[in-house]
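J.: Right, I'll just put the structure down here and ask away after.
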Amino acid sequence: MNSENTDFELEPGLRVRPIENGTVIDHINAGQALNVLHILKLPGQFESVVSVLINSPSKYGKKDVVKIENRELKVKELDKISLIAPSATINIIRDFKVLKKNRVKIPEYVEGVVQCVNPNCISNSSEPITSKFRVYEEDNIINLRCIYCERIISEDIADHLLRE
Amino acid sequence: MYFKDMHILSMKDFSKEMIDHILETAEKLEPIAVMKERSDMLAGKVLAVLFFEPSTRTRMSFETAMLRLGGAVLSMGSVDASSIAKGETLADTIRVVQSYADTIVLRHPKEGAARMASEFSQVPVINAGDGAGHHPTQTLLDLYTIKRESKLEGVRIALAGDLKYGRTVHSLCYALAHYGADITLVSPDGLRMPYEIIKDLEARGMKVRQTDSIDEAITEVDVLYVTRIQKERFPDPAEYLRVASSLQITPELLENAKSHLKIMHPLPRVNEIDPLVDNTSHACYFKQAFYGVPVRMALLALVMGGME
């Protein structure tokens, strides 16, 4: 069995059990798990178990982990979490085994995830549009440039997630 | 070059070749703009003019441009008298108006409004200013003025005034980068051009100098572009007066300028330029306002297929 589905279960004091089928999002920046769920709109109408581990000890300090049972999320759908968790890995689990393991990729565009910081941007009005950003990396920093007003967000992206 | 049905939203969407083509087209249309020739190039076409903010020059020069080319103008009138007052979204207004007109000219207080409008319109949208955002037709007419009254390639230009908030000035600088311009920025401490923009311009091979002395800058340049300093940027009215008077253009100041220096200003001016300068050979700002007509004629002709 691949360790991605088990590593934190094997530590002293079992916290979250391995899942049989579904998706494990591992190596989320510590403290960002709830924001990851928010971006993915989980649990929403989804009825299966979603387990969240926050500040779990790991080789590189602390991390968060999210386990979603009985649902294989599409990698493309998950790429948008790279905005707040650029080192996250996505593990698709079948029969307790890791079928696929991918690192999230920074998408070229994100839509409906982040709110523009410019209060005078047309995307912050009652118009029937959702926020859209072009995403690019510069000096290892993720930048979001609003498609409409071109304002750039490069810090504290999690603070600007769209809340419904 | 194919401009038909293209939206005109931001100078960033234009290559040097595209800018040159627009300016060359404007030059061809200038005899029509001054009534030396007549044209019905856009006969049967309708231009919708949607201005959600007050404007004199931009609005009237677009209307004149369309009329000079034989087209018709459809105006929304004041916002208070339109369905916007009833709470209609801009998206709905655009969806309706695009079925009445062949091109829409839009000025709106929200940044990004023109880009959004282009998503809802089957006909070209021309951005005539979106809040503190883009105003590409102003930049194009500024470039045209420099081309006609001075020279574009390698022009030595000083930009004076509020260089921090004036995005028209930023947009002009980016456009001038295509022409290898040598730029001197003249502004008081609190109104300097943002560092990222200067860095960006230098990365594009431009020479950029900064100073707070207009006397020093004026001796070396071919063009002086003056912008308005807004009183509200200064918490202390005395400080505003001090800064505004230190950058005022007077006939005495111009004694040290090159004889071919041209002074530009997007207008309206308040007291940045002494009216005594108006009658000197340096004054170019009223001509600049006129050049808005041939440049907008060129854009209308190109996006509506009157010319290629």
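J.: Find how many whole Å separate the alpha carbon centroid of the range B:264-308 from the alpha carbon centroid of the range B:82-153.
T.: If you average the Cα positions of each part, the centres end up 18 Å apart.
J.: Identify all lysines with a Cα-Cα distance to B:LYS164 below 20 Å; exclude those on the same chain that are fewer than 8 residues away in sequence.
T.: List returned: B:LYS12, B:LYS110, B:LYS199, B:LYS207, B:LYS231.
J.: Convert each backbone phi in the range B:276-286 into a coupling constant with the Karplus relation 6.51 cos²θ - 1.76 cosθ + 1.60 (shift: θ = phi - 60°), then list the ³J(HN,Hα) values in order as whole Hz, x for Gly and Pro.
T.: Taking θ as phi minus 60°, the curve returns 5, 6, 3, 8, 8, 5, 7, 5, 9, 6, 6 Hz for the range B:276-286.
J.: Expressed in nm to one decimal, what extension gain is obtained for the pair A:LYS101 and A:GLU47 from 0.36 nm per residue of sequence separation less their Cα-Cα distance?
T.: So the chain would gain 17.0 nm between A:LYS101 and A:GLU47.
J.: Taking amide H positions as placed in the peptide plane 1.01 Å from N, state which residues far from B:THR184 in sequence (5 or more) or on other chains have amide H under 5 Å from it.
T.: B:ILE157, B:ALA158, B:LEU159, B:ARG209
J.: Suppose every K and R has +1 on its Cβ and every D and E has -1 on its Cβ; what is the size of the dipole of chain B about the Cα centre, in Debye to the nearest 20?
T.: Using Cβ point charges on Lys, Arg, Asp and Glu, chain B gives about 460 debye.
J.: Additional query: What is the magnitude of the charge dipole of the range A:109-160 about its Cα centre, with +1 placed on the Cβ of each Lys and Arg, -1 on the Cβ of each Asp and Glu, and no other charges, expressed in debye to the nearest 20?
T.: That gives a dipole near 240 debye.
J.: Additional query: Can you compute the helix-only [θ] at 222 nm over chain A? Use -39500 (n - 2.57) per DSSP H run of at least 4 residues, normalise by all residues, nearest 500 deg cm²/dmol.
T.: Mean residue ellipticity, 222 nm, calculated: -1500 deg cm²/dmol.
J.: Taking the dipole about the Cα centre of the range B:150-308, with the C-beta of Lys and Arg at +1 and of Asp and Glu at -1, give me whichever of B:PHE234, B:HIS265, B:THR250 is farthest to the positive side.
T.: Comparing the listed Cα positions along the dipole, B:HIS265 ranks first.
J.: At q = 0.07, 0.14 Å⁻¹, work out log10 I(q)/I(0) for chain B with the Debye formula, treating every Cα as an identical point scatterer and leaving solvent out; two decimals please.
T.: Values returned for q = 0.07, 0.14 Å⁻¹ are -0.27, -1.08.
J.: To check you understand DSSP bridge types, tell me what percent of the beta bridges within chain B (both residues inside) are antiparallel, rounded to 5.
T.: 0 percent
J.: For a quick check: sort A:GLU111, B:GLU153, A:GLU69, B:GLU232 by the number of other beta carbons within 10 angstrom, fewest at the front.
T.: B:GLU232, B:GLU153, A:GLU111, A:GLU69
J.: Only four residue types carry charge here, +1 at the Cβ of Lys and Arg and -1 at the Cβ of Asp and Glu. Report the dipole size of the range B:137-288 about the Cα centre in Debye, rounded to the nearest 20.
T.: Rounded to the nearest 20 debye, it is 520 debye.
J.: Follow-up question, since we're still on this one. Using square roots of five times the C-alpha gyration tensor eigenvalues, list the equivalent-ellipsoid semi-axes of the protein assembly as shown in whole Å, biggest first.
T.: Here the semi-axes work out to 52, 28, 19 Å.
J.: Same structure again: Do the sum for chain B: with -39,500 (n - 2.57) for every DSSP H run of n ≥ 4, divided by all residues, what is the mean residue ellipticity at 222 nm, to the nearest 500 deg cm²/dmol?
T.: -11500 deg cm²/dmol
J.: Can you compute 3J(HN,Hα) from phi for each residue in the range B:198-209, using the Karplus curve 6.51 cos²θ - 1.76 cosθ + 1.60 with θ = phi - 60°, rounded to whole Hz and x for Gly and Pro?
T.: Result, rounded to whole Hz: 4, 4, 4, 5, 5, 5, 8, x, 8, 8, 10, 10.
J.: Oh, and also: To the nearest 0.05, what FRET efficiency results for A:LYS76 and B:VAL79 with a Förster distance of 41 Å applied to their C-beta separation?
T.: 0.45
J.: Of B:ILE157, B:TYR144, B:ASN127, whose Cα points farthest to the positive end of the dipole of the range B:116-172 (charges on the beta-carbon: +1 Lys, Arg; -1 Asp, Glu; origin at the Cα centre)?
T.: B:ILE157
J.: Further, regarding this structure: Over 18 Å apart: what share of the alpha carbon pairs of the range B:137-288 falls there, rounded to a whole percent?
T.: 53 percent
J.: When chain A is modelled as a GNM with alpha-carbon springs shorter than 10 Å, which of A:GLU137, A:GLU127, A:GLU47 fluctuates the most?
T.: Comparing A:GLU137, A:GLU127, A:GLU47 in a Gaussian network model of chain A, the most mobile one is A:GLU127.
J.: If exposed means no more than 11 neighbouring beta carbons inside 10 Å and the site is in a DSSP loop, what's the longest run of chain B without any exposed trypsin sites (Lys or Arg not before Pro)?
T.: B:39-308
J.: Can you give the Kirkwood hydrodynamic radius for chain A, in Å, rounded to one decimal and based on Cα pairs?
T.: 16.7 Å
J.: Moving on to the next point. Over 10 Å intervals from 0, what percent of Cα-Cα pairs in the range A:109-160 sits in each interval?
T.: 27, 59, 13, 1
Computed from the coordinates by the stated procedures, all read-outs in this text should not be read as laboratory data. Predicted, not measured: the structure shown is a model, and the values here were computed from it. Backbone-built Cβ (ideal geometry, glycine too); neighbour counts: all protein chains shown.
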